[in-house]
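Notes follow once the structure below has been shown.
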Amino acid sequence: MKDCLFCKIIAGEIPSTKVYEDEHWFAFRDISPCAPIHVLLIPKIHVKNILDFTEETSTYFSNFFLIVKKIAEQEGLEESGFRLVMNTGEQSGQTVFHFHAHIIGGKEMGWPPFPVQE
Ligand code: 5GP
Ligand code: ZN
């Protein structure tokens with residue numbers, strides 16, 4: 001899609017540090033990492049976010065968790081674990097409207113990720 005930052009990264013029009021690629025998926029390092037490992041996994045089709053999903057999208061995503069697992073293992077996170085985040089919509093903090101999963105690891109993380117209101 002024209003004017004989409006992540007479509008441009010897939011097309012190689014904007015440089016990125018690639019960590020994984022296959023027919024359907026592309027993964028690269030976040031430009032502003034919040035942990036020692038911070039990878040963004042994106043589909044090669046333009047989907048805004050989970051709320052943009054259709055039956056067709058769902059089929060495309062059928063191996064999504066296997067790809068996440070493959071990248072986590074490749075990054076050496078199988079012992080320590082990792083966090084998988086998919087911000088969906090503006091209130092959640094989504095800033096780039098091409099679906100992406102954050103794979104974050106390599107440090108202790110607290111939960112919840114924000115102060116809980118009484
Ligand atoms: P969101 O806030 O939408 O969940 O996540 C977008 C992520 O994309 C952010 O973590 C941000 O640092 C990352 N990002 C934004 N622009 C670029 C870029 O040009 N290159 C890379 N590698 N990451 C980017
Ligand atoms: Zn896109």
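The values are calculated or read from the model by the stated rules, or taken from the named source; none is laboratory data. Please read all numbers here as calculations on a predicted model, not as lab measurements. Every residue, glycine among them, receives a Cβ derived from its backbone with ideal geometry; neighbour counts consider all protein chains shown. Remember, those area values only see protein heavy atoms, side chains included, never the ligands or the DNA or RNA. Shrake-Rupley method; radii C 1.70, N 1.55, O 1.52, S 1.80 Å.
This table checks each residue for (1) small (G, A, S); (2) assigned to a loop (DSSP other than H, G, I, E, B); (3) surrounded by 13 or more Cβ atoms within 10 Å (Cβ to Cβ); (4) within 12 Å of ligand 2 (Cβ to nearest atom).
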site	(1), (2), (3), (4)
F6	no, no, yes, yes
I31	no, yes, no, no
L66	no, no, no, no
N87	no, yes, yes, no
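Looking at segment 75-89, which of the residues that are farther than 18 Å from G110 by Cβ and more than 16 Å from the chain's Cα centre (by Cα) is nearest to ligand 1 (Cβ to nearest atom)? Here the residue is G76.
Which residue is most open to solvent (accessible area, probe 1.4 Å), if the candidates are limited to segment 95-115 and must be more than 16 Å from ligand 2 (Cβ to nearest atom), assigned to a loop (DSSP other than H, G, I, E, B) and touching a residue at least 12 places away in the same chain (Cβ under 8 Å)?
Filtering segment 95-115 for residues more than 16 Å from ligand 2 (Cβ to nearest atom) gives 102-115.
Of the ones still in play, those that are also assigned to a loop (DSSP other than H, G, I, E, B) are 106-115.
Add one more test, that the residue is touching a residue at least 12 places away in the same chain (Cβ under 8 Å), and what stays is 106-107, 109.
Details: G106: 49, K107: 108, M109: 66 Å².
By that ranking, first place goes to K107.
Can you list residue pairs whose Cβ atoms sit under 8 Å apart, with the first residue in segment 51-79 being more than 22 Å from D30 (Cβ to Cβ) and the second being modelled with pLDDT of 95 or more and in a helix (DSSP H, G or I)? Count only pairs 6 or more apart in sequence or on different chains. From segment 51-79, the pairs are F53/F61.
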